[in-house]
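The structure under discussion appears below in the form of structure tokens.
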Amino acid sequence: MSVRIKKLVGAIILLTLVVVYAIFATAFASLYLAESSGWVHLAYFLFSGILWVVPAMLVIKWMESAPRR
């Protein structure tokens, strides 16, 4: 796969990841944390805000790897 195609596919995957993750993280917070205190919300959104970086790093690492011959 060429570098340009890898970067296009990776960008689409990253965009999809961020949108889907944000929807699920917000829906989870709305369903299960609605009655919780502000500190619980703060901790949850700090954790969930950092958690999406792990799969994004894997996608970026794949995008930047050398193409196979």
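The values are calculated or read from the model by the stated rules, or taken from the named source; none is laboratory data. These numbers come from a predicted model, not from an experiment. For neighbour counting, all protein chains shown are included, and Cβ atoms are generated from backbone atoms with ideal geometry for every residue, glycine included.
So the values come out like this:
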quantity	calculated
Matching residues, the stretch 33-57, being of a type in the set (Ser, Thr, Tyr) and either at positive phi or surrounded by 10 or more Cβ atoms within 10 Å (Cβ to Cβ) (or both)	SER36, TYR44, SER48
Hey, SER30 at pLDDT 90 or above, surrounded by 14 or more Cβ atoms within 10 Å (Cβ to Cβ), among the small types (Gly, Ala, Ser) and on the phi < 0 side of the Ramachandran plot or not	no
Residue in the stretch 3-20 that is under 9 Å from the mean Cα position of the chain (by Cα), surrounded by 10 or more Cβ atoms within 10 Å (Cβ to Cβ) and of a type in the set (Gly, Ala, Ser) present	no
Residues (under 30 Å from ARG4 (Cα atoms) and β-branched (Val, Ile, Thr)) located in the stretch 36-68	ILE50, VAL53, VAL54, VAL59, ILE60
